[in-house]
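Q: Can you keep this structure in mind? I'll have questions shortly.
The values are calculated or read from the model by the stated rules, or taken from the named source; none is laboratory data. Keep in mind the model is a prediction, meaning the values are calculated, not measured. Don't worry about glycine lacking a Cβ; one is built from the backbone with ideal geometry, like all the others, and counts go over all protein chains shown.
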Amino acid sequence: MARHALSLIALLCCGCAGWQSALDTHAVQGTRLAHLIWLFVGVCAVVWVTVTVVLLLALRKKNDCPDDGPHTPAEASERRMARIVRAAAIATAGIITSLTIVSFYATRELTSAAVAALDLRVRGYQWWWEVTYLDARPDQVFITANEIHVPVGRSIHLRLAAADVIHSFWVPSLTGKQDLIPGRENTLTFTPQEVGIYRGQCAEFCGLQHAHMSLLVVVDSAADFEHWRRGQLAPAATPRGPEQETGKRLFENKACASCHNIQGSTASGTIGPDLTHLASRHYIAAGSLATNRGSIAAWLADPQTIKPGNNMPRVRLNAGELNALSAYLAALR
Amino acid sequence: MTGRIFSLVFGAVLLTACQRESRSFRLDPPIAASLEAVAPMPNGIGGAPPDSDAVLGHPYLTNAYNLNQGKQLYTWFNCKGCHADGGGVTGPSFLNGWWRYGPQAVSIFISIRDGRPRGMPAFGNHLTTEQLWQLAGYVRTIGAYSAMTAAPSRNDEMQSRPAENRAPAAIATPSDQWPATRYR
Amino acid sequence: MTASEPRAVSDSDLDPPALEKQLAATWRTPGGLWGVLSTVDHKIIGRRYIITAFVFLALGGVLALLMRLQLAGAERRVLSADRYNQVFTMHGSNMMFLFAVPVMEAMAVYLVPLMVGSRNIAFPRLNAFSYWLYLAGGILLWAAFALNMAPDVGWFAYVPLSGPQFGAGKRADIWAQMITFTEVSALAVAIELVVTIFKQRAPGMTLARVPLFVWSMLVTAFLVILAMPTIMIASTSLILDRLVGTHFFNPAEGGDALLWQHLFWFFGHPEVYIIFLPAVGMVSTIVATFARRPVFGYLAMVLALIATGVLAFGLWVHHMFVVGLPRLGESFFTISSMSIALPAGIQIFCWLATLWDGRLMFRTPLLFVIAFMVTFVMGGLTGVMVASVPLDTQVHDTYFVVAHFHYVLIGGAVFPLIGAIYYWFPKMTGRLMSERIGRWVVGLLFVGFNLTFFPMHILGLQGMPRRIYTYPAEMHWGTINLFVSVSATILTSGFLLFFIDVVRSLRHGPPAGANPWGASTLEWATSSPPPSYNFARLPVVGSAQPLWDRPDVLPVVCGLRADRRELLITSLRSAEPQARESSPRNSIWPLLAAIASTVMLISSIFTPWAMVWGAVPVLITLIGWFWPKGTPEDEG
C-alpha cells in the first residue's frame, strides 16, 4: 500500500523538470514566479490540511442515535464557537492580505523597466510565429520564424502583435505569458540566466492548429548569439550541386515563392514564414517536426495530413521535384 | 402524412445545411487532379466545369469554409491591388453585376489560372488548384445579389463596402464612374 | 358579489377530506399529452427541468470521455482537430449553459414554493415558457453537433476567432443564439423566484426566518437578473457583427477585441456564482438536517451570501490578467478576487461549527457534503492562487486552471447537487434512494474526481496549455494524461451508478413518509410527493425551524378559496398577509409562445429580417397568452 502511494507520488513528481515547465525556470522572472508558486502552494496546503483535519475531528464526534430529535445547542457553547469562527475569519483575512501584498511586490519586480539589450517583435499568425529582430540600423533588421535566439544574461524586450486572432506567447521556463491581441501591442520582458533551449507554446485558443503552434527560445552565450545573428543577416546559402539548384529553381517558379521569402532568391512572399535559414532551426512547422531532409520532404508532400487545416496548401510535386526541393531547403542553414 | 412531409422537408434542409457547413482540409489527390480538368471554350469564355465539381455539389460556391478561405486568399495574394475590395481600381469591379468573361465560375477560374489580356496575371503556377477554385468561388459570390447564408461577412479591417452577406452587394463602384471606353 | 354568483368555497368551509378533494380538482393537471404540454404546476415543470438538465449532464460527460480518450496518449487520432475543437466547445457550453445553471434553477423552481409555504411559483405560465425555451436551445446546440456544425470557438468564443472573418459558417451564430435561448429562460425563472420569495412567503416567515436555501436562491436570482443581460448584449453584438456587418469588435473601425472579453467575463464570473450559491444553500440545508441543529451563525451565513453576490461582480478581470491591461487595474482585481474567499471561508467555518456541535446522522446527503467540503476548499485555494496576477501569468490557460474550476464546480456544485437529489428525492417521488448504493456513489465520485483532476494541477505547471487536441510525445505529458484518462472511468462509473440508483429507486425504493429525515423546513410538512396544491391549508410560521419547534402541530391560515386557484401574498419584511392572488390555470399558450420565439430566434441566425417577421407570431401568441379566458381566476 505504501509502495503504491510512493510510486504514485513519484509518478506525479516526475517531469517537474523540463524545457517547458513553470517549475524548472532559468530566467530572472521565471524563477521569481516559481518561488511565488511554491509560497502559495505551501500556504494553501497548510490551510487545506487544517480545514480537513478540523472537519475530520468534527465528524469523529458522531452521535448516530436516529431517535434523538433536533436539539438547540447551549448558549455558552454557541458563544465560544462564535469567538472561534470570528478568529478564523480574521486569520483568513490576514492570510489573504499577506498573499495580496506578496503578489503586488512580485508584479512590481516582474514589470520593472530594465534597459533592454534586445528588442524583438513577435507577430502571431495562425499557426506560426514571425519574429523580427529590430535594430536602430535598418541593415541589422532581420526576420525569422518560430525560433528565437537570445544572449544569456541580458534583458530581452518583446513587442507582441497579432496578425489575425488572439494568441499568447508563453515560455514557462523563462517567464509568464502575455497575449497577442489584434489592434494592440503588448510587451514582455525577460532576462534568461542559463544557456539552453526552452520551449514555448501558444496559450490562447486560436483555431484549428492551436495545439501545434509552439516555438523555441534558444539562449546562447554572447559569442554564439553574435555568430547566429550574423548568420541570419546573411542571404541564403547558395545551392550546391545540380539537385539543390533544381530545387531552388522549382522553389522560385512554383507556388512556394508566392508565400515564402528566401533572401537571395527571387522568392519574396510574405504570407508564410521566412525560410531563408530554415535548416538552422531545430523544428519546422512551428514545432511539428524536427528539421531534417526527410521531415521537410514529408511536410512538402502533404502538409494537410501533418497539420490539418493549416494555411499551407498541398502543392502537387512528383518524386523528382520533391527530392530537389527538400535537398535545397535542407541546406538553408 | 403531414408529419412525414414535414420531416422530409426538414431533413432536406438539414442535409443542405450539412454540406454548406462541412469543412475539408485535404482534397484527395484524384479529386484535386480532376478539378484541374476544365474544358474552356476557344475564346476562353465559359466552358465545361469538371464533373467532380457537380458531384461534390459545387462546393466552391456554396460551402462556407471554402468561401472564407477564398476571401483570405483574396487578401493574401493582393487581389486588392487591382480590384480593391471588389469595387475595382485598375481591374474591373466584381460588384456591379457585369462579368467581362461571363458569370460562370469556370471562366473566373480560367481568368485567375491563365491570366487575361490587358493586365490580369496568371496565377496558375503560384497557387494550387484548390486555392484557385476557392478564389474563383469567392469572386463569383462576392457580387451576389442576395445574401447567401454561406457567404463570409465583413473583414476586421476598415469598412469600404457592405459585407458579402448583406444584400444587395451591388453598389456604385469607383470603376463604374470611369470612362466607359476604358473597358470596351 | 351579486346574488346570482355561486357562493365562494373557502378552505375554512370544508373539512380536510372534502377540502383535499376540492383542491385536487381545482389545481389538477389533466393527464395525457394535453396535460404535459399545458401544465403550469411548478413541481411538474421543476421535475422536467431537472431530468432534462441531467440528460445534458450525461451528454456532456460523454464529450468529456471523448476528450480524455483523445488525450490519453501523445498524437492520438481518435478525434480530428476540428472535431476536438467542437467537442471541447460543446462540453463547456453544454455544462455551463445547459446543465449547471438550469439544474440549480430547476431545484429552486421545485423547492422554493414548497419551502416558503405557497401553492405555486409566481408567474407559472412564464415558468412553463422558460422550460420550453431552454429545451429548444439545448436541442439547437446538440442538433448542430450532430450535423458536424457545432461551434468550435470555445465556450467563451473570443473574437476575432469567433468573429466574421475567422469564424466561417454558422457555427458561432448557433452558439450565440443558444445563449439567447438559455439566458431568456434563466432570466424568466430568476424573476419568478424573486417575486415568490419576496411576496408569497407563508405568514410569519419574516426575513430572519427564511430558510438558507431560499436566501441563496434569492441572491442567485438577483445575480442572474444583473449578469444575464450582459451576455445577451455580447452575443447579440457578435451576431450583428457576423450577420449584418457591424463593427463592435473590429479594431480597424473603432471596435475592440477586448470589449468582447469584458462583456463576456462580466457575465462569466457571476455565472459561476450563480452555479455555486444554490449549492451553498443545499449544503446549509443538508448540514442542518443531518446535524439535527440549525446552521451556526444564520446572520453571518446570510450576509456571506449577499457579500458573495455583490463581490461576484467585481472580479471579472481576473480572467484577463494576461491581455496587457494596466498593472494597477489588474492589482485591484487581485484584491477583489482574493477577498471573495472571505465570505466563502466564513460559510465553511459556520458549517464546521454546526457539524462540531451537532448530533450527526451519517446518511448519503451528509457524505456528499463532506466530499464537497474537502474538494471545494481545495478548489477555492487554487482560486486564491490564480487570483494573484503574477502567478496567473504562468498558469492561465493551462491545465492548472482546468483543475481549479473543476474542483470548484464539481466539488462545489455537483457534489452538493447530487447530495441534494438524495435528500429531496423522497419528497419529489415518495421513495427513498438506496443508502448502500449512495455510499458507493459518494466513494466512486470522490475518488474518481480527485484522481482525475488533481494531476491536472501538475500538468499545468509542467507547461501543458488548455484546448489542445494533442501534444507531442517528447513533452512527457503522456503518463499523467493516461492516468487522468483512466481515472475518468472511475468518475464515470460513479455517475452511472447514480443514474442507476435513481431509476431503480423510482420503482423499488422504500416508501418515504412526509418527513423521513426529520427536517425542519416547510416542504416536509406535506405529503411525499406533494399534492398538486402543495398544502391543504397554508402553514403559518413562528420560527426559522417550523417543524422542529412545534413538531406535533402545524398552525395554518384559512380563508383562501378552494374552488379557484388562489395564493396568499404577504408583505416583504414581516410576511403579514396582504392579499389573495389568483394563480393562472393550465394554458397551452406558453408552449405556443416558446415555439414562435424558437422559430424567430433560429431564423435570425440566417437573416436579420427574421426578427421583424418572426415577431408577428410571437406577438400573436402573447396576445393569446394574456387574453382573459373567462375563468374564475381572471377576476383577479
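Q: Show me the helices (runs of 4 or more DSSP H) found entirely inside the range C:387-468 where at least 3 residues are within 14 Å of chain A (Cβ to nearest Cβ) and either within 24 Å of C:T289 (Cα to Cα) or touching a helix residue (DSSP H, G or I) at 6+ places or on another chain (Cβ under 9 Å) (or both).
A: Ranges flagged: C:389-395, C:399-406, C:435-461.
Q: Turning to a different aspect of this structure: Would you mind finding the one in A:H26, A:H71, A:H35 that is at pLDDT below 90 and not β-branched (V, I, T)? If you could, list the steps in order and put the result at the bottom.
A: Values: A:H26 fails: at pLDDT below 90; A:H35 fails: at pLDDT below 90.
Criteria check complete, one pass: A:H71.
Q: Check A:G272, A:G309 and return the single one that is within 14 Å of chain B (Cβ to nearest Cβ) and at positive phi.
A: A:G309
Q: May I ask you to list pairs of residues, at least six apart or on different chains, whose Cβ atoms are under 8 Å apart, with the first in the range B:125-136 being more than 9 Å from chain A (Cβ to nearest Cβ) and in contact (Cβ under 8 Å) with a residue 24 or more places away in the chain and the second being aromatic (F, W, Y) and crowded, with 23+ Cβ neighbours inside 10 Å?
A: These pairs meet every condition: B:W133/B:Y60; B:W133/B:F109; B:Q134/B:Y60; B:A136/B:Y60; B:A136/B:F109.
Q: Moving to a separate point now. Yes or no: the range C:13-31 includes at least one residue that is basic (K, R), closer than 24 Å to C:A122 by Cα and not in a helix (DSSP H, G or I).
A: Looking for residues that are basic (K, R), closer than 24 Å to C:A122 by Cα and not in a helix (DSSP H, G or I), one finds at least one in the range C:13-31, hence yes.
Q: Find all pairs meeting these conditions: Cβ atoms under 7 angstrom apart; at least six residues apart or on different chains; first residue within the range B:90-107 and within 23 Å of B:N66 (Cα to Cα); second residue buried (at least 17 other Cβ atoms within 10 Å of the Cβ) and of a type in the set (F, W, Y).
A: B:A105/B:Y60; B:S107/B:Y101
Q: Quick test for you: out of C:A106, C:A128, C:A136, C:A143, pick the one residue that is in contact with a helix residue (DSSP H, G or I) (Cβ under 9 Å, 6 or more places away or on another chain), under 23 Å from C:I410 (Cα atoms) and in a helix (DSSP H, G or I).
A: On inspection, the qualifying residue turns out to be C:A106.
Q: So B:G44 ticks every box in (1) within 24 Å of B:M148 (Cβ to Cβ); (2) surrounded by 14 or more Cβ atoms within 10 Å (Cβ to Cβ); (3) at pLDDT below 85 but one. Which box is left unticked?
A: Of (1) within 24 Å of B:M148 (Cβ to Cβ); (2) surrounded by 14 or more Cβ atoms within 10 Å (Cβ to Cβ); (3) at pLDDT below 85, only one is false for B:G44: (1).
Q: Give the range C:469-510 a look and list any residue that's without any contact (Cβ under 8 Å) to a residue 60 or more places away in the chain and aromatic (F, W, Y), or say none.
A: C:F483
Q: Also, I was wondering about something else. Exactly one of these conditions fails for B:D85: (1) at pLDDT 90 or above; (2) under 28 Å from B:P162 (Cα atoms). Give me its number.
A: B:D85 satisfies every listed condition except (1).
Q: Let me ask another. Let me confirm something: among A:S295, A:S288, A:S214, which residue is modelled with pLDDT under 95, within 14 Å of chain C (Cβ to nearest Cβ) and buried (at least 16 other Cβ atoms within 10 Å of the Cβ)?
A: A:S288
Q: Going by the conditions given, is C:T289 within 11 Å of chain A (Cβ to nearest Cβ) and in contact (Cβ under 8 Å) with a residue 40 or more places away in the chain?
A: Criteria met by C:T289.
Q: OK, next. Applying the selection to the range B:62-80, what residues are over 29 Å from A:A257 (Cβ atoms) and either modelled with pLDDT of 95 or more or surrounded by fewer than 21 Cβ atoms within 10 Å (Cβ to Cβ) (or both)?
A: The first filter runs over the range B:62-80 and keeps only residues over 29 Å from A:A257 (Cβ atoms), leaving B:62, B:64.
Scanning the range B:62-80 gives a single hit, B:T62.
Q: Now for a different question. From the residues in the range B:104-123 that are crowded, with 17+ Cβ neighbours inside 10 Å and part of a loop (DSSP other than H, G, I, E, B), which one is nearest to the other protein chains (Cβ to nearest Cβ)?
A: Out of the qualifying residues, it is B:F123.
Q: Related question: Confirm whether C:F156 is of a type in the set (A, V, I, L, M, F, W, C), closer than 22 Å to C:T230 by Cβ and surrounded by fewer than 21 Cβ atoms within 10 Å (Cβ to Cβ). Break it down stepwise before answering.
A: Working: of a type in the set (A, V, I, L, M, F, W, C): yes; closer than 22 Å to C:T230 by Cβ: yes; surrounded by fewer than 21 Cβ atoms within 10 Å (Cβ to Cβ): yes.
Answer is yes for this residue.
Q: With a cut-off of at least 1 residues that are free of Cβ contacts under 8 Å to residues at least 40 places away in the same chain, name the strands (runs of 3 or more DSSP E) lying wholly within the range A:54-152. Spell out the reasoning first.
A: Details: elements: A:118-125, A:128-133, A:142-145, A:147-151.
Where strands (runs of 3 or more DSSP E) fall fully within the range A:54-152 and carry at least 1 residues being free of Cβ contacts under 8 Å to residues at least 40 places away in the same chain, they are A:118-125, A:128-133.
Q: Looking at the range C:242-254 only, could you name the residues that are under 23 Å from C:T607 (Cα atoms) and at the interface with chain A (Cβ under 9 Å from one of its Cβ atoms)?
A: Selection gives C:N250 alone.
Q: In addition: Can you work out which of the residues in the range C:155-192 that are in a helix (DSSP H, G or I) and of a type in the set (G, A, S) is farthest from C:T236 (Cα to Cα)?
A: C:A190
Q: Something else about it: Show the residue pairs that are 6+ apart or on different chains and have beta-carbon atoms under 7 Å apart, the first residue being within the range C:29-45 and more than 16 Å from C:S130 (Cβ to Cβ), the second being assigned to a loop (DSSP other than H, G, I, E, B).
A: Here the result reads C:T29/C:T39; C:T29/C:D41; C:T29/C:S532; C:T29/C:N586; C:G35/C:T29, each pair linking the range C:29-45 to a residue that is assigned to a loop (DSSP other than H, G, I, E, B).
Q: Which residues, taken from the range C:141-178, are at pLDDT below 95 and under 13 Å from C:F97 (Cβ atoms)?
A: Matches in the range C:141-178: none.
Q: Follow-up question, since we're still on this one. Looking at the structure I just gave you, is C:I239 within 17 Å of C:M96 (Cα to Cα) and touching a residue at least 24 places away in the same chain (Cβ under 8 Å)? Show your work before the answer.
A: Numbers: within 17 Å of C:M96 (Cα to Cα): no; touching a residue at least 24 places away in the same chain (Cβ under 8 Å): yes.
Judged against the criteria, C:I239 is not a match.
Q: Among (1) within 10 Å of chain C (Cβ to nearest Cβ); (2) under 26 Å from C:A168 (Cβ atoms); (3) of a type in the set (G, A, S), which single condition is A:S173 missing?
A: That leaves (2) as the condition not met.
Q: OK, next. Residues being away from chain B (no Cβ under 11 Å) and either surrounded by 20 or more Cβ atoms within 10 Å (Cβ to Cβ) or outside any helix (DSSP H, G or I) (or both): count how many of those fall in the range A:246-264.
A: Adding up the residues that qualify gives 8.
Q: Going through the range C:340-372 one residue at a time, which ones are closer than 16 Å to C:A300 by Cβ, facing chain A (nearest Cβ under 7 Å) and not β-branched (V, I, T)?
A: C:A341, C:L342, C:G345, C:F349, C:C350, C:L352, C:A353, C:L355, C:W356, C:D357 - these are the residues of the range C:340-372 that are closer than 16 Å to C:A300 by Cβ, facing chain A (nearest Cβ under 7 Å) and not β-branched (V, I, T).
Q: Quick check on my filter: what residues within the range C:297-314 are over 19 Å from C:V377 (Cα atoms) and either modelled with pLDDT of 95 or more or part of a helix (DSSP H, G or I) (or both)?
A: C:Y298, C:L299, C:V302, C:L303, C:I306, C:V310, C:F313, C:G314
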